[in-house]
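Chemist: Could you have a look at this structure, given as structure tokens, before my questions?
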Amino acid sequence: MRCNNAGRLLLAAACCFFWSAGQAQTDLDALTMNKKQLCVGFQYSHNSWDHYWEGTLKRTNENIGTITTQSVALMGNYGISNKVNLLFAVPYVFTKASAGTLQGQKGFQDGTLAAKWNAFQHKGEKQAFSLFALAGVSAPLSNYTPDFLPMSIGLHSRAAFVRGLADYQRGKFFITGSASYHLRNNVDIARTAYYTTEMHYTNEVEMPDMWYANLRTGYRGRQLIVEATADRTTTLGGFDIRRNDMPFPSNRMNLTNVGLSLRYEPGWLKWVTLTAGGTHAVAGRNMGQATAYYAGAFYIFNFGKKAAVTKTSQTP
Amino acid sequence: MKHSLSFFIGACALLFVACNKTPEDRSESFPALAPANIDIQAGTWKPLLLTKADEVSLPAPQAANSPGYIAELNEIKSWQQKLTGEQKASIRYWGAGGVLRWNEIMRTLVAKYNLPPYQNADGTYPVPNAANPFAYPIFPFASPPYAARAYAYVSAAQYDALVAAWHYKNLYKQAAPHKADAGIKTLLPVSELSTYPSEDAVIAGVSAELLKLLFPTEQAYVQQMATEHKLSRILAGMNTRSELEAGEALGKMIAQKFVARARTDRAGTAGGNQAQWDQMAADAVAKGETPWISIDAPKRPPMLPLFGKTKSFLMDSMMVINGRPAAPPSVHSAQFKKELEEVKYYTENATPERIRIVQFWADGVGTYTPPGHWNAIAAEAFVKERYSEVRWARNLALLNLAMMDAAICCWDAKFTYFNPRPSQVDPSIKTLTGVPNFPSFTSGHSTFSGAASTFLSYLLPGQAAGFKSMADEASMSRLYGGIHYRSDCEVGLEMGNTIGKIAISRARTDGAD
């Protein structure tokens, strides 16, 4: 069994000045739940930074110290069929600053719903190749403010994405690559005018779209998956934070992370999956240089008749 | 497989729910200015610095039958033969009103320059230097007092220059180009106002000249805007070149009076020095109070502590001192403890509505500041009134002179009492907006808003209730945000109301009402 939760789905919504989202096996892997299986659980993530990129200039700020973002997310993945899964995530997010006076914020951030389709699969004796297509939407679940960065819990933009994903496995070793395009809706702020590189007399902020690419490779065993990951977020537009200015939702937010990801399905605890991992930002623009880690626990409910027979779609 | 595919297509369709569109910008939809009243007598209105409307002389226009004038009419027709989309957009943009557009340009520059300097490696702070404006930190740091004064000077100079322009319009009674030549198309609303000198060029000339002083690194941008503004009048068939040249020259000459005043109004030394800052703290200690300390890290010198000594247009220095409010509650008093608890209550019990109010009025770093916000509010109200350019200028001038006085009186109180912010006294108070780097009493937002709403209510009595509720909300936003005590807000609002009334008494006697 593979519990294929939706951790990284948060990306669509939460790619922010601070980048809060969880990190798990996800809508970024080549695993699917079988028909009428529901994998559901919680994931905790912790993300912090004290350096950030003001435009391209890396700096610290004694008036905020270290910004810490924590989140607890309810995540799930349901097998509509063996080929099509439905994924969701509902995160609750907390922020705080270690210095200065700015107040931490908390609340339900952006919920995500996505579909994942195993469009092509080829299985040989020793190797396998598969292609997936994903599409999803996300929307704010509460009326939190996006205009209080870096303390805001998110950017409050409705968004949608499409992703292509390819996976190759040889023996126990695999490599997965994916790329997605994220459409983001404009956001409303309380102010009726704001300055970016010019004045805007509106309370609506045009949010540039984003590209996201992810590469992961490692060992995929029956009970254990160990992956090295790298990913890159590229915002297609937006503007740089000026010298000593505050961040803004429509900044050009770019980030490159490297990370490690683990998944374990204990033989002695049937239907349970445990996940853990972390990432570290190695390059960025208008974002915090975050180090993040996460841990999650998930359980699989079987609603189908032949529930006992489960297998991953990918292991040859 | 079929189901999979149709499900996936369904999911993709959801994507189209989210599609970007460029937001509608209110300033782009302002209609062409068609004054309800051309204020034909405005040449007799009382100027602010000029001793009389014709203090600066302006030669008579060339005769309507002179070859030079006819050549200028031909120039207009030549431009009009083929107008590009960009040129038509320029006509539309400037056609909404010169005073309006230059006020917007000011707000843009203030927002662009409203950034506190980053510290030096040793924890001290560099100060923007007007003599070396391009070096970091770029001159100026358009903080609220700096901005209040900048808006005031430009608006006041525009007003005096337009009073002079109206005087000469009436004196020379030049007919509009389209009356001299039926081949000239007018692409903007026409009026019976004499077109010599061009009021648009007066505004462009006077504004550009003052902005050289106030935003010296922006001269290229400012000159480009002035050039576009003037050309738009030829393209629109509204003015000849010599009407524009005369207007610009008049504007520039009159600007010099204001530039000279600005150089000697004591704002240039408002930053003070270490000894003066220390003395302010020592005075507070001598009174048994807790002196203000910067909450910025590293500790930043206070923002323009001597701005209270800047020379006002509408008040003399004794009026500032005599109007100074009584001291805020002592930090040792029961009243102070009660007010501090109230600040803490609001920060710990923020509601979405109060957060909205805090953000709506924050007007902090990187914005056009509270005076800019009130200029924006006024401008959107004035557009509906269809004022003549000279009345636009007069109303914005008095509004901005009142807000400059609000800055003077508020800064005078702040640095007389030098009292601490709530978060200094109780570091557990976490704020919903940045803590400004100067003492608490009185609230700048409240003082600005009291002055602005009082004066705007005089101009537009039908909207008085709306202006008052905006001012009350702006004032309370600082308490909700956790950066001001209630007495800062209430006394600031009251002081602002008094300052607004001084502008009203001037308005009652300047001949415009």
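The values are calculated or read from the model by the stated rules, or taken from the named source; none is laboratory data. This is a predicted model, so every value here is computed, not measured. Please note: Cβ atoms are built from the backbone with ideal geometry, for glycine as well, and neighbour counts cover all protein chains shown. All accessible areas refer to the heavy atoms of the entire protein, side chains included, with ligands and DNA or RNA removed. Shrake-Rupley method; radii C 1.70, N 1.55, O 1.52, S 1.80 Å.
Chemist: Could you say which residue among B:173, B:82, B:88, B:112 is within 14 Å of another protein chain (Cβ to nearest Cβ), of a type in the set (D, E, K, R) and open to solvent by 40 Å² or more (accessible area, probe 1.4 Å)?
Modeler: Answer to the check: B:112.
Chemist: How many residues are part of a strand (DSSP E or B) and out of contact with any Leu (no Cβ under 8 Å at 6 or more places or on another chain) if we restrict to segment A:51-76?
Modeler: Matching residues across segment A:51-76 total 12.
Chemist: Of all residues in segment B:126-139, count the ones that are touching a residue at least 40 places away in the same chain (Cβ under 8 Å) and crowded, with 17+ Cβ neighbours inside 10 Å.
Modeler: Summing the residues that are touching a residue at least 40 places away in the same chain (Cβ under 8 Å) and crowded, with 17+ Cβ neighbours inside 10 Å in segment B:126-139 gives 2.
Chemist: Just the residues that are in a loop (DSSP other than H, G, I, E, B) and closer than 30 Å to residue B:376 by Cα, please, taken from segment A:161-187.
Modeler: Passing the criteria: A:185, A:186.
Chemist: Which residue is nearest to the other protein chains (Cβ to nearest Cβ), if the candidates are limited to segment A:250-267 and must be of a type in the set (Ser, Thr, Tyr) and open to solvent by 10 Å² or more (accessible area, probe 1.4 Å)?
Modeler: Result: A:256.
Chemist: Let me ask something else. Between residues in segment B:335-355 that are more than 10 Å from every other protein chain (Cβ to nearest Cβ) and residues that are among the small types (Gly, Ala, Ser) and in a helix (DSSP H, G or I), which pairs lie under 7 Å by C-beta distance while being six or more apart or on different chains?
Modeler: Every condition considered, the pairs that remain are B:339/B:487.
Chemist: Would you be able to say whether some residue in segment B:322-330 is open to solvent by less than 70 Å² (accessible area, probe 1.4 Å) and hydroxyl-bearing (Ser, Thr, Tyr)?
Modeler: yes
Chemist: Report yes if residue A:34 is open to solvent by 30 Å² or more (accessible area, probe 1.4 Å) and within 14 Å of chain B (Cβ to nearest Cβ), otherwise no.
Modeler: Spelling it out, it is not the case that residue A:34 is open to solvent by 30 Å² or more (accessible area, probe 1.4 Å) and within 14 Å of chain B (Cβ to nearest Cβ).
Chemist: Just for segment A:68-89: of the residues that are open to solvent by less than 10 Å² (accessible area, probe 1.4 Å) and within 14 Å of chain B (Cβ to nearest Cβ), which one is nearest to residue A:297 (Cα to Cα)?
Modeler: A:87
Chemist: Quick one: how many residues across segment A:125-160 are within 8 Å of chain B (Cβ to nearest Cβ) and in a strand (DSSP E or B)?
Modeler: 6
Chemist: Sort through B:477, B:487 and tell me the only one that's more than 19 Å from the chain's Cα centre (by Cα), within 14 Å of another protein chain (Cβ to nearest Cβ) and in contact (Cβ under 8 Å) with a residue 24 or more places away in the chain.
Modeler: Result: B:477 is the single residue among B:477, B:487 that is more than 19 Å from the chain's Cα centre (by Cα), within 14 Å of another protein chain (Cβ to nearest Cβ) and in contact (Cβ under 8 Å) with a residue 24 or more places away in the chain.
Chemist: Let me ask another. Among the residues of segment B:363-392, write down those that are hydrophobic (A, V, I, L, M, F, W, C), facing chain A (nearest Cβ under 8 Å) and open to solvent by 20 Å² or more (accessible area, probe 1.4 Å).
Modeler: Result: B:365, single match.
Chemist: Separate question: Would you mind finding the one in B:432, B:398, B:460 that is crowded, with 23+ Cβ neighbours inside 10 Å and more than 20 Å from residue B:484 (Cα to Cα)?
Modeler: B:398
Chemist: Name the residue that is nearest to residue B:115 (Cα to Cα), counting only residues in segment A:188-239 that are within 10 Å of another protein chain (Cβ to nearest Cβ) and not in a loop (DSSP other than H, G, I, E, B).
Modeler: Filtering first and then ranking leaves A:195.
Chemist: Scan segment A:90-107 residue by residue and report those that are within 13 Å of another protein chain (Cβ to nearest Cβ), open to solvent by 30 Å² or more (accessible area, probe 1.4 Å) and part of a strand (DSSP E or B).
Modeler: If the condition is that a residue be within 13 Å of another protein chain (Cβ to nearest Cβ), open to solvent by 30 Å² or more (accessible area, probe 1.4 Å) and part of a strand (DSSP E or B), then A:96, A:106 are the ones that fit.
Chemist: Tell me which residues, restricted to segment B:115-125, are within 12 Å of another protein chain (Cβ to nearest Cβ) and free of Cβ contacts under 8 Å to residues at least 24 places away in the same chain.
Modeler: B:118
Chemist: Can residue B:188 be described as open to solvent by 10 Å² or more (accessible area, probe 1.4 Å) and under 21 Å from residue B:41 (Cβ atoms)?
Modeler: Criteria not met by residue B:188.
Chemist: Every residue in segment A:161-183 that is away from chain B (no Cβ under 13 Å) and either among the basic types (Lys, Arg) or without any contact (Cβ under 8 Å) to a residue 24 or more places away in the chain (or both), please.
Modeler: Those that are away from chain B (no Cβ under 13 Å) and either among the basic types (Lys, Arg) or without any contact (Cβ under 8 Å) to a residue 24 or more places away in the chain (or both): A:170, A:172.
Chemist: Take the conditions in contact (Cβ under 8 Å) with a residue 40 or more places away in the chain and polar (S, T, N, Q) and apply them to residue B:273. Does it pass?
Modeler: Considered against the rule, which asks whether it is in contact (Cβ under 8 Å) with a residue 40 or more places away in the chain and polar (S, T, N, Q), residue B:273 comes out as no.
Chemist: If you don't mind, there's one more thing I want to ask. Identify all residues within segment B:300-318 that are open to solvent by 50 Å² or more (accessible area, probe 1.4 Å) and in contact with a Phe, Trp or Tyr (Cβ under 9 Å, 6 or more places away or on another chain); write none if there are none.
Modeler: Residue satisfying the conditions is B:309 alone.
Chemist: Which pairs have Cβ atoms under 6 Å, sit 6 or more apart or on different chains, and link a residue in segment B:53-65 that is over 16 Å from residue B:244 (Cα atoms) and at pLDDT 95 or above to one that is open to solvent by 70 Å² or more (accessible area, probe 1.4 Å) and not in a loop (DSSP other than H, G, I, E, B)?
Modeler: Between residues of segment B:53-65 that are over 16 Å from residue B:244 (Cα atoms) and at pLDDT 95 or above and residues that are open to solvent by 70 Å² or more (accessible area, probe 1.4 Å) and not in a loop (DSSP other than H, G, I, E, B), the close pairs are B:56/B:253.
Chemist: I want to confirm something. Restricting to segment B:287-299 and keeping residues that are more than 11 Å from residue B:424 (Cβ to Cβ) and open to solvent by less than 40 Å² (accessible area, probe 1.4 Å), which single residue is farthest from the other protein chains (Cβ to nearest Cβ)?
Modeler: Among those residues, the one meeting the criterion is B:288.
Chemist: Let me ask you something else. Of the residues that make up segment A:237-249, is at least one without any contact (Cβ under 8 Å) to a residue 60 or more places away in the chain, open to solvent by 50 Å² or more (accessible area, probe 1.4 Å) and of a type outside the set (Val, Ile, Thr)?
Modeler: no
Chemist: May I ask you to verify whether residue A:119 is surrounded by fewer than 21 Cβ atoms within 10 Å (Cβ to Cβ) and either more than 24 Å from the chain's Cα centre (by Cα) or more than 9 Å from chain B (Cβ to nearest Cβ) (or both)?
Modeler: Against the criterion (surrounded by fewer than 21 Cβ atoms within 10 Å (Cβ to Cβ) and either more than 24 Å from the chain's Cα centre (by Cα) or more than 9 Å from chain B (Cβ to nearest Cβ) (or both)), residue A:119 does not qualify.
Chemist: Does segment B:339-362 hold any residues that are surrounded by 18 or more Cβ atoms within 10 Å (Cβ to Cβ) and acidic (Asp, Glu), and which are they?
Modeler: Of everything in segment B:339-362, just one residue is surrounded by 18 or more Cβ atoms within 10 Å (Cβ to Cβ) and acidic (Asp, Glu), namely B:339.
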